[in-house]
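Visitor: There's a structure below that I have some questions on.
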Amino acid sequence: MMASLSMAVYAGLPVNLPQAATRAGRGPETASVTIDHDGHAMPEPRAGRHGGSRSARAPAAQGNPALAIVINADGDAAHRHVVAVLDALRLAGVSRMAIAVTPTSEAR
């Protein structure tokens with residue numbers, strides 16, 4: 001089970017990340033999935049919009065069991081959309097996932 005990943009900046013769908021006071025150091029090889037406020041999910045760095053299940057599986061298709069997926073979900077995205085992406089990633093064999101956040105002013 002993975003606890004956390006480092007924060008990274010990705011260009012793609014504009015999202016408003018929630019804040020958190022903690023963050024971890026650099027982790028293993030990563031890919032990301034961005035979920036916008038309307039629930040559209042897209043693997044980075046591809047352009048275009050896809051449904052959560054299909055787009056969430058794309059990074060896992062790389063065949064790397066150590067690959068960790070960072071989920072960049074807009075703070076206004078419905079919980080059900082984030083859960084759908086998490087579920088699709090698990091079904092695709094991904095076991096290492098983290099959710100990106102923006103550090104709060106209390107972060108060290």
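A short reminder: the numbers here are calculations on the coordinates, not readings from a lab. Given the structure is predicted, the values throughout are model-derived calculations rather than measurements. Note that each Cβ is placed from the backbone with ideal geometry, even for glycine, and that neighbours are counted across all protein chains shown.
Visitor: Step through the residues of region 67-84 one at a time and calculate ³J(HN,Hα) from phi using the Karplus curve (6.51 cos²θ - 1.76 cosθ + 1.60, θ = phi - 60°), rounding each to whole Hz and writing x for Gly and Pro.
Guide: Values, residue by residue: 4, 10, 9, 9, 9, 9, 9, 4, x, 9, 5, 5, 3, 4, 6, 5, 5, 4 Hz.
Visitor: Could you please rank V83, V101, placing first whichever residue has the fewest other Cβ atoms within 10 Å of its Cβ?
Guide: Neighbour counts put them in this order, fewest first: V83, V101.
Visitor: Now for a separate question. Please work out how much length the chain gains when fully extended from H79 to A21, using 0.36 nm per residue of separation minus the C-alpha to C-alpha distance, in nm with one decimal.
Guide: Contour length minus the Cα-Cα distance gives 18.8 nm.
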